[in-house]
1. Among S210, A64, M136, whose Cα lies farthest out toward the positive end of the dipole of the chain, if unit charges sit on the beta carbon of Lys, Arg (+1) and Asp, Glu (-1)?
2. Can you tell me the dipole magnitude for the chain around its Cα centre, using point charges on the Cβ only (Lys, Arg +1; Asp, Glu -1), in Debye to the nearest 20?
3. By a straight-distance test (C-alpha under 22 Å), which lysines pair with K184 as possible cross-link partners, with residues fewer than eight away in the same chain excluded?
4. Which of A183, Q112, T22 sits farthest toward the positive end of the charge dipole of the chain, with +1 on the Cβ of Lys and Arg and -1 on the Cβ of Asp and Glu?
5. Assuming a ≥ b ≥ c are the square roots of the Cα gyration tensor eigenvalues, decide whether segment 30-168 counts as rounded (a/c under 1.5), prolate (otherwise, with a/b larger than b/c) or oblate.
6. Can you pull the Kirkwood radius for segment 112-239, inverse mean 1/r over Cα pairs, to one decimal in Å?
7. Using only alpha carbon pairs under 8 Å that are at least six residues apart, calculate the relative contact order of the chain and give it in whole percent.
8. Can you pull the accessible area of E29 for me, 1.4 Å probe, Å² to the nearest 10?
Amino acid sequence: MIDIDNVIAGYTPEVDILKGMTLHANKAEIVTLLGPNGCGKSTLLKTIAGFLLPRSGRVMLEGADVSRQPVHHKIRHGGVGFVPQTENVFSALSIRENLQVGGHYMIRRDTQARIDELCALYPVLRKKLDTPAASMSGGERQILALARALMPRPRLLLLDEPSAGLSPKVLLEVFEAIREVRAKEGITILMVEQNAMEALRISDRAYVLSMGTVALTGQAAELMADPQVRELYLGGRAT
Ligand SMILES: Nc1ncnc2c1ncn2[C@@H]1O[C@H](COP(=O)(O)OP(=O)(O)OP(=O)(O)O)[C@@H](O)[C@H]1O
Ligand SMILES: [Mg+2]
């Protein structure tokens with residue numbers, strides 16, 4: 001579904017942040033990207049989304065080379081949704097307005113139908129539809145950010161640390177929301193996470209990144225069961 005082939009990318013001409021990144025996700029898979037701060041996880045998602053263009057290598061989406069496609073094109077025509085790590089909702093706008101922004105490129109009557117659909121999937125949104133997003137809790141806000149990206153029915157969803165800053169209970173609610181939309185809409189999800197064990201529990205596969213390349217990959221269940229992997233990459237013992 002999405003194939004990243006030996007991608008090299010960076011923000012300035014002298015420095016490569018992604019140093020030959022190769023990975024893939026199949027249709028309707030949840031694939032988690034793990035790795036230490038600064039290893040290039042967000043940069044990878046930004047490169048897939050089209051905020052950054054690769055210096056070399058290819059980003060293939062459903063068999064088409066989309067390496068040079070800018071972000072607005074990928075969101076409008078390419079079926080890609082993106083939830084950035086920070087500032088992923090408009091606090092001053094209501095929940096409804098945030099969803100309308102997410103549906104900016106859609107036909108108006110589809111926008112309303114999709115808002116109704118997402119409110120049915122995530123009832124927490126319906127309760128506060130006309131209140132400012134600023135009044136939401138951290139977990140509710142992440143669900144709104146997810147729903148905003150889901151408005152145009154993406155086939156690939158890129159999530160950058162959806163559980164950041166959430167309590168253990170709320171984190172599980174957000175992961176459940178992610179799992180639900182995969183089950184319901186068969187969407188492919190590529191998710192960066194720091195809460196490794198919890199993220200692996202809802203994932204099919206994972207990649208551990210290190211300094212701009214893939215250090216390790218495998219089935220989520222296998223990685224979780226491997227004591228050495230747990231010790232080295234997943235923050236010690238499972239809880
Ligand atoms: N806009 C930018 N301009 C220049 N350098 C950047 C920019 N964004 C990130 N970098 C650098 O790229 C490297 C990788 O950053 P990136 O944000 O991809 O890491 P990350 O793995 O997502 O880290 P974290 O876990 O802290 O979110 C870092 O050295 C960072 O300083
Ligand atoms: Mg990051």
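The values are calculated or read from the model by the stated rules, or taken from the named source; none is laboratory data. This structure is a prediction, so every number in the text was calculated from the model and none was measured. Cβ sites come from the backbone with ideal geometry, for glycine too, and all protein chains shown count toward neighbours. Please note that ligands, DNA and RNA were not included when accessible areas were found on the heavy atoms of the full protein model with its side chains. Shrake-Rupley method; radii C 1.70, N 1.55, O 1.52, S 1.80 Å.
1. Going by the Cα projections, it comes out as M136.
2. Numbers: 28 positive and 26 negative charges, 113 e Å.
The calculated dipole for the chain is roughly 540 debye.
3. Cross-link targets: K27, K127.
4. Towards the positive end, the residue furthest out is Q112.
5. Values: a/c = 2.29, a/b = 1.37, b/c = 1.67.
Oblate shape, in that a/c is at least 1.5 and b/c is the bigger or equal ratio.
6. Values: mean 1/r = 0.0632 Å⁻¹.
Answer for segment 112-239: a Kirkwood hydrodynamic radius of 15.8 Å.
7. Working: 454 pairs, mean separation 63.5, N = 239.
27 percent.
8. It works out to around 20 Å².
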